[in-house]
Structure formats: structure tokens, C-alpha cells
Amino acid sequence: MPLARREVAAQLALWGLPRGSAVVDTALLVVSELVTNSVQHAADASPTVDVSLALGGGELTVAVHDRHPRLPQPVEVPHLDGSGGWGLRLVKALAAEAGGQARMPPDADGLGKTVTVRLPLPALRPAAARSPVTPLPAEPHP
């Protein structure tokens, strides 16, 4: 999972989305949860997991694909001992909180699925407006 997070963080940085921004933090958590789910629940049928990203239309799309035929199902009540049931619930909650959505369509052949999370991008302000220094009003000259 650390490799997936590093690669995603690097790609998002190349696209100008800074680490520490809400959308990047959300995307990294989503990737971590979805890759972990695939490794834990689909590795027997799908030894590889594909992670893809897309940026456009005012949103960031994160997609994680494996070739296990079983679709993920959020459990009604996560295991209170921390042994599972929180991941998909967390992913859906993060997507909803960001104003986005999560979908889990099966592959056309029914032998895999892609969990796709769409996260709206915040309006990017001009560089000067992102400056941590607040400009002070000019003092009047006599």
C-alpha cells in the first residue's frame, strides 16, 4: 500500500495538486483503503491490482481494479474489534463528504470490478492568492 500511495502522491503533485490539500489527502486515503481491500479479499483470484487516476471536468477520479468476481459489500455494522468492515464504509463517507461519489461496477465479463471514486476539485486560485503572506494596505503618502 505504501507504494500505491507514493505513486499516486507523485502523480498528483505533477498535476499541481499539493500534498496536504484536502483532495490529495482524501485521494491517498481512498487508494490506501481500496488497495488494502483488494489485497485482503481478492488476492487469491487477482494477484495484481491496477490503480488509475484521471483529472478533468473539475474532478479527480481514482479507480482501483482487480479481477476477483465478488463485488465489495459494505457491512451493516463494522467489526468493533477493528478486524474489518470499515474500509468501504470509510471510502463512501470520504467521497460523500467531499461532494463526490463512489461506484463499484463489475467488469463486463463479471470476473472483476473497478471501484471508482470521483472527488470534486476545489477552485484553484491564482498563485498570488495562495500566498501565506497577507498583503497589508499601503500607507497614504503625504
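Throughout, read-outs are computed from the coordinates displayed, never taken from laboratory work. Computed from a predicted structure; not experimentally measured. Neighbour counts are summed over all protein chains in view; Cβ atoms, including those assigned to glycine, are modelled from backbone coordinates with ideal geometry.
Around the Cα centre of the stretch 39-118, unit charges on the Cβ atoms of Lys, Arg, Asp and Glu (plus for the first two, minus for the last two) sum to a dipole of about 140 debye. A simple spin-label model places the labels of residue 44 and residue 109 2.0 nm from each other, with each point 7 Å out along Cα-to-Cβ.
Protection proxy ranking of 95-105, 34-44, by the mean of other Cβ atoms within 10 Å over each peptide's residues and highest first, is 34-44, 95-105.
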